[in-house]
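First comes the structure, then the notes that go with it.
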Amino acid sequence: MSAQTLVFLERAETLQFDEDTHPGAQLLTGNVQFRHDDAYMYCDSAYFYEQQNSLDAFGNVRFVQGDTLFGYSDLLFYDGNTKFARMRRNVRLIDKATILETDSLNYDRVADIAWYWTGGQIQDSLNVLTSRWGQYESRLNQALFKTDVHLINERFVMDADTLKYNTQSHIADILGPTTILYEEETTITTTLGWYNTDNEKSMLLNRSLIEHTDGKTMIGDTIFYDKRVGYGQALRNMQLTDSVQHVTLYGNYGEMYEKSKDANHSDNARAVGSHGYATDSALMVDWSDSAAFTYMHADTLFTEEILYTDTLLGALDSITGAPDTTLRDTSFRLIRGYYGARVYREDMQAVCDSAIYNSRDSIMSLFGKPIAWTDNQQIAAKHIEIFFRDSTIDYAHGIGDCIAIQQQTPRYFNQMAGKEMFAYIRNSELRQVDVTGNAETVFFPQDEKTGDWIGVNKTQSSFVKVFMKPADKTTNNASDQRKSNRQTIDHVVFTTASTGTLYPIDHLPDEQTHLSQFFWAENLRPNQPGDVFLHPEKQSTSGDLRGEQDEAVFERSPNGLRTVSKNEAENNTANTNNKLKKKTKNQ
């Protein structure tokens, strides 16, 4: 506590005493001036209590401390022993470039803290802040606001419950529920963090949300956000959502760039718009089809908005009747997954090294030893493209070392191989497979009446068409349908130059009932959404004919892959599926 010093009367035009009405007071009028240490007080009139070392000042009150702090009010009650000032009515406190305005203000000169409680405003060179309760510390240029806090900037407004603000650095410390609205285009919702109102950089904690009017959002436990350059970085439980393209990207780390790499794109030119990526448990969910979500996992997932100029071909001009060639700006979403990509849909599953999904053409491209499954069919090639129509699979195109396998029994597999393959799908079922280029087949025909196996049919041809029978599906679970209602071949069409032989089923050893490139990888197949995070070991190609997984399977953990029991893996997968449903049910 500072030592007590005396308040001195410096000047007054008149001095009177009235012990009846104001005992112990000097009644002063006309250009009154007091001094206390380095503080000066001016007013029209005052009561000066010299024995108590205090004063009451009235009319045009001015308080000056040093050469930086100036206070104005209609009334001032000052105690020189405690160095405590109470300013009332039309109060203004000016500290360098900071102006505080309120109706009632207390100022503690020892602590150098001023505060109000009936509503007030602080304004500096950048912002105007209002609140019901506020405190300002001159030495630190630090203000604290509580209740109905409202910050106005030329580019944004901020509403908060509790806020700290530095008038020199222009940094706001967020200490409660806060909403920031940028020019009616971006909204930030958070409860903890800091925001630099000068350079528009911020650190947002406690599961914050960034929303844009174009339908893009970013959520994360921790977000570093630079609004000026349109950059966001999220850590832990990140979500990037494009509600227009109906795509959400999840991960424990990711980055988002709001602005285009090349904002200027001419006719029929393309440019990258908003883009970002996710890693560490990365997951892409396409929820454009509410009945069949697409789940894609990879080590790293990239998302890009491709901007381009197109024409309204097909539409007729209302006046001339000619095709309308009006240029329009439009966009589509490109998703790229690298290293260990795994995809799950109810009607299709796939694994590969990397995958690309193009929402404009509705094509998913699989690279690096891709394998795709639908029902009891497996397709593999050097490169596979899957084409969608109206959010459902239309057909798959395999290029290079293609092989399609249909499991009949744990031992018998119909097989088709060639240089190129088209697999056509209707109502989520494989209906037709076309194989070209050195086409080889192995089929296990059955007696239509008895269902007995007739033999093994091995053929070579330049081209082959295989037509499938629809499965009689009686369950709602895709995994159960594959086990109990497997599709079978209806008929096969070969070119006239085909060669082939039907062997008795017991006259060929097992190894000769498989094509040279045969392998069955059911253990790699994701059977439900949570399985995209599993990375089971790949079994040997032709030697392993099991349709069931091993009792010991591999599961992803924060420390990498770990071996767990099959029951434990199923329980963990069920928990993951429940979390995925909660995340996507409100998309």
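In table form, for the structure just shown:
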item: Members of the range 363-374 found to be open to solvent by 10 Å² or more (accessible area, probe 1.4 Å) and part of a loop (DSSP other than H, G, I, E, B), listed by number; result: G368, K369
item: Residues within the range 382-398 that are over 30 Å from S243 (Cβ atoms) and either open to solvent by 30 Å² or more (accessible area, probe 1.4 Å) or modelled with pLDDT of 95 or more (or both), tallied; result: 2
item: Close pairs (8 angstrom Cβ cut-off, 6 or more residues apart or separate chains): more than 21 Å from I425 (Cα to Cα) in the range 337-360, of a type in the set (S, T, N, Q) and in a strand (DSSP E or B) anywhere; result: G337/T300; G337/S354; Y338/T300; Y338/S354; Y339/T300; Y339/S354; A341/S354
item: Y344 being open to solvent by 30 Å² or more (accessible area, probe 1.4 Å), at pLDDT 90 or above and part of a strand (DSSP E or B); result: no
item: Residue, nearest to V456 (Cα to Cα), within the range 399-444, restricted to residues that are open to solvent by 40 Å² or more (accessible area, probe 1.4 Å) and of a type in the set (D, E); result: E440
item: Residue within the range 396-404 that is farther than 15 Å from F519 by Cβ and either without any contact (Cβ under 8 Å) to a residue 12 or more places away in the chain or among the basic types (K, R) (or both) present; result: no
item: Filtered residues of the range 133-182 (kept if under 13 Å from A114 (Cβ atoms), open to solvent by 30 Å² or more (accessible area, probe 1.4 Å), not hydrophobic (A, V, I, L, M, F, W, C) and not in a loop (DSSP other than H, G, I, E, B)); result: Q135, E137, Q142
item: Matching entry among N438, N414 (being among the polar types (S, T, N, Q), at pLDDT 75 or above and farther than 30 Å from T392 by Cβ); result: N438
item: Subset of the range 74-118 that is at pLDDT below 95 and small (G, A, S) - its residue that is farthest from Y47 (Cα to Cα); result: A97
item: L126 being assigned to a strand (DSSP E or B), within 22 Å of N199 (Cα to Cα) and not hydroxyl-bearing (S, T, Y); result: no
item: Verdict on D108 being among the charged types (D, E, K, R) and touching a Phe, Trp or Tyr at 6+ places or on another chain (Cβ under 7 Å); result: yes
item: Boolean, S104 is under 51 Å from the mean Cα position of the chain (by Cα), surrounded by fewer than 19 Cβ atoms within 10 Å (Cβ to Cβ) and hydroxyl-bearing (S, T, Y); result: yes
item: Strands (runs of 3 or more DSSP E) lying entirely in the range 199-314 (those with 1 or more residues that are modelled with pLDDT of 90 or more, open to solvent by less than 10 Å² (accessible area, probe 1.4 Å) and within 24 Å of Y344 (Cβ to Cβ)); result: 231-242, 247-257, 270-279, 283-286, 294-297, 300-311
item: Strands (runs of 3 or more DSSP E) (entirely within the range 1-99) containing at least 2 residues that are open to solvent by less than 10 Å² (accessible area, probe 1.4 Å), in contact with a Leu (Cβ under 8 Å, 6 or more places away or on another chain) and closer than 19 Å to R139 by Cα; result: 69-79, 84-95
item: Sole residue being out of contact with any helix residue (DSSP H, G or I) (no Cβ under 6 Å at 6 or more places or on another chain), in contact (Cβ under 8 Å) with a residue 12 or more places away in the chain and closer than 21 Å to V7 by Cα, chosen from S125, S104, S54; result: S54
item: Per-region count, the range 57-97, residues in contact (Cβ under 8 Å) with a residue 24 or more places away in the chain, under 17 Å from G119 (Cα atoms) and among the polar types (S, T, N, Q); result: 1
item: Residue list for the range 117-132, restricted to those being open to solvent by 60 Å² or more (accessible area, probe 1.4 Å) and of a type outside the set (S, T, N, Q); result: W117, L126, R132
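The values are calculated or read from the model by the stated rules, or taken from the named source; none is laboratory data. Worth saying up front: this structure is predicted, and the values here are computed from it rather than measured. Heads up, the Cβs are rebuilt from the backbone with ideal geometry, glycines too, and the neighbour counts pull from every protein chain shown. Calculation scope for accessible area: heavy atoms of the full protein, side chains included, ligands and nucleic acids excluded. Shrake-Rupley method; radii C 1.70, N 1.55, O 1.52, S 1.80 Å.
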